[in-house]
Amino acid sequence: MNTVPRDGLIVRFEGVWAGYDGPDVLEDMEFELAAGELAIVSGPTAAGKTSLIHMLRLALPPRAGHATVFGEDIGRLPEVRRAKLKRRIGYIAEEPVFVEDWTTFENVALPLKMANRRPGDYADDVRDLLAFVGMAEAEEELTRRLSFAERRRIAIARALAGKPDLLLADEPAAGQSPEGALRTFRLLAEICRVGAGVVIATQSEHLAEGLDATHWHIHRGRIARDDGAYEHAETYS
Amino acid sequence: MTENARARWVFWAIAAACFAAAAAGLLARAAHYMADRWAHEATGVAIVRVLASDSPEQLAQAELVIAAAPPVARADIVTAERAAALLEDWGGGEVRAADLPPLRLVEVEFDVDAPPDSPQRLEAYLARRGLAAEVIAPADVTTLATRSAQTMRRAALAGAAFLALMMAAIIVLSARALALRQTQLITALADLGATGAGAARNVGDEAASLGLWAGIAGAGAAALAAFGGIYVTQPSAGVLDIVLGAHWLDWIPIIATPLAAAALAALGARSAASALHARAARLA
């Protein structure tokens, strides 16, 4: 059964450090996210946004500190439990990868196929998702024929197919027109209404203006809650 | 080339490999039967010299006892006329039957599936039945024929096994090559949170299905070719006779090939998918 911890926080990082093969790229992180909350994590290129998303999707383990996702300590998670937890997390990569020879329907249905659901059981769900992202007409379209913005919307639909409790989007506005980017942000914000936590990592935080969101700023691997002022130079100096 | 076209190529490559492997297995069985027949022709006959049987009646009585022995299919007294004919064939000159002494010999043909030591068994049997007789079978010929037949069987089996191994390698590599072209699917699976084992299972199951159907096509074609071959060489045999006359071992190449193809294709695809997943999941 999918559960949310009693305090309502689906993510809680306390003094977390992480890195790849070399030095730490995330340092002493304090971050939290509640169910139904939208978090906007902004920062310049190579600030650590993508690394934070990788940690949240359980692909990058913490080196030190206490990191919990859905109440589970992700630093000490057995492989089976990690795989189970991953199914509760939706991920929209900066450059989403699709099977290009498949239709949009088939690509969106992939998480449901992975869950061993039968096509007859999920066809309506997939069509609803395509309609939700405004791609109902493209159901039979081959994915390789879609525009960049359309692919982004299909990626959102695919990430939502598994009904995630935590949705992560890495630079969802990249390469889109201002209108398209705004529409993507609003789509993602909508998802909070069903109780899922949403984290958007972006360089374009102005797109989140007007959205009910918690703002975080990350710079050189350190993150801090942003209380509305978008001037961060002092914070890290 | 599209994904479907690639899959079709791999299907037919695996089907061809399965045809070759199944045909090699069936040919090994055919070689086994040929070796049996050849060994029987060389060792399946003997001459029994009946001791202390002066009268034709006693010889006829002995012939009945010999004919009833377990490994014996046929027993015939070597008449003077038969002996004369044999001697003429052998020596070239004219031999008159009337000139020959009483031979007291019985020519014996053993059952097709009689063991190689049938002459010794027959001699022991006759002794138990109180018939003093000596079974004459050229030991060197028997030994050579038995050994040669055994060598023939082993060579055929080894050849089939070698070819099957080659075909197995082709199937594994074909399935692996197909899976390696599925980078997009495996990357998508990795992004969606599938573990390496999960991604490998997903790709491996599809490869197993493709391998199974390709194996059925290939082994089925080999079986049809084998039936055709038997039908041509033995026109009197009906389809039902061929099916019912087959030993259970004859069915092994036909039944095992598709199953092995499915397992090998899954193995090849899984190994490729695991490697691709590891690459797709790399974060740095």
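Tabulated values for the structure
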{"read-out": "Kyte-Doolittle at least -0.5, axis length at least 27 Å by Cα - qualifying DSSP helices, chain B", "value": "B:3-43, B:139-180, B:196-233, B:248-280"}
{"read-out": "Degrees separating the helix A:104-114 axis from the principal Cα axis of chain A, which is the longest one", "value": "70"}
{"read-out": "Interchain or long-range residues, amide H under 5 Å from A:V11's placed H", "value": "A:L33, A:F70"}
{"read-out": "Solvent-accessible area lost in complex, 30 Å² minimum, residues of region B:178-219 relative to chain alone, 1.4 Å", "value": "B:Q184, B:L185, B:A188, B:D191, B:L192, B:G193, B:T195"}
{"read-out": "Value of relative contact order over region B:1-128, rounded to a whole percent, pairs C-alpha under 8 Å and six or more apart", "value": "30"}
{"read-out": "Cα long-axis angle, helix A:178-191 against chain A (0 to 90 degrees, to the nearest 10)", "value": "90"}
{"read-out": "When the convex hull of its Cα atoms is projected in every direction, mean area for region B:1-128 (nm²)", "value": "13.3"}
{"read-out": "More than 17 Å apart - percent of Cα-Cα pairs taken over region A:108-237", "value": "63"}
{"read-out": "Probe 1.4 Å, accessible area per residue of region B:130-209, Å²", "value": "50"}
{"read-out": "Assigned charges on the beta-carbon of Lys, Arg, Asp, Glu; the protein assembly as shown dipole about Cα centre (debye)", "value": "560"}
{"read-out": "Listed pairs A:K84/A:K113; A:K84/A:K163; A:K49/A:K163 exceeding 20 Å between Cα atoms", "value": "A:K49/A:K163"}
{"read-out": "Percentage relative contact order, region B:45-113, counting C-alpha pairs under 8 Å, at least six apart", "value": "48"}
{"read-out": "Dipole of chain B, positive direction: furthest Cα of B:V65, B:L144, B:V172, with charges on the beta-carbon", "value": "B:V172"}
{"read-out": "Buried solvent-accessible surface, both chains (A, B), 1.4 Å probe, Å² to nearest 100", "value": "1600"}
{"read-out": "Threshold 40 Å² - residues in region B:1-50 whose accessible area is reduced by that much or more when the chain is no longer isolated, probe 1.4 Å", "value": "B:E3"}
{"read-out": "At R0 = 41 Å, FRET efficiency that the Cβ-Cβ distance of A:D73 and A:R220 yields, to 0.05", "value": "0.95"}
{"read-out": "R0 of 41 Å, Cβ-Cβ distance B:A237-A:A115: FRET efficiency to nearest 0.05", "value": "0.15"}
{"read-out": "A:A39 long-range amide H proximity, modeled H, under 5 Å", "value": "A:V198, A:V199, A:I200, A:T214"}
{"read-out": "Potential lengthening between B:M34 and B:A73 on full extension [0.36 nm per residue; Cα-Cα distance subtracted]", "value": "12.1 nm"}
{"read-out": "Under the Debye formula (equal points on every Cα, no solvent term), log10 I(q)/I(0) of the protein assembly as shown at q = 0.06, 0.13 Å⁻¹", "value": "-0.52, -1.18"}
{"read-out": "Paramagnetic reach from B:A177 (point 7 Å along Cα→Cβ, amide N under 19 Å) across region B:2-31", "value": "B:2-21"}
{"read-out": "Protein accessible area in the protein assembly as shown, 1.4 Å probe - carbon and sulfur %", "value": "57"}
{"read-out": "Interchain or long-range residues, amide H under 5 Å from A:D226's placed H", "value": "A:H215, A:W216, A:H217"}
{"read-out": "Probe 1.4 Å, accessible area per residue of region A:98-163, Å²", "value": "47"}
{"read-out": "Sequence-separation-based contact order of chain A, relative, with Cα cut under 8 Å and 6+ spacing, percent", "value": "29"}
{"read-out": "Chain B: Cα Rg divided by the 2.2 N^0.38 Å rule of thumb", "value": "1.61"}
{"read-out": "FRET E, pair B:L100, B:L224, Förster distance 51 Å, beta-carbon r, rounded to 0.05", "value": "0.35"}
{"read-out": "Loop sites in region A:146-234: trypsin sites (Lys or Arg not before Pro), DSSP, at most 15 other Cβ within 10 Å", "value": "A:R220"}
{"read-out": "Cα pair distances of chain A binned at 5 Å [whole percent]", "value": "1, 6, 14, 18, 20, 17, 12, 7, 3, 1, 0, 0"}
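The values are calculated or read from the model by the stated rules, or taken from the named source; none is laboratory data. Everything numeric here is computed off the predicted structure, so don't read it as measured data. Because the Cβ atoms are built from the backbone with ideal geometry, glycine has one as well, and the counts that use them run over all protein chains shown. Surface areas here come from the heavy atoms of the whole protein model, side chains and all, with no ligands, DNA or RNA. Shrake-Rupley method; radii C 1.70, N 1.55, O 1.52, S 1.80 Å.
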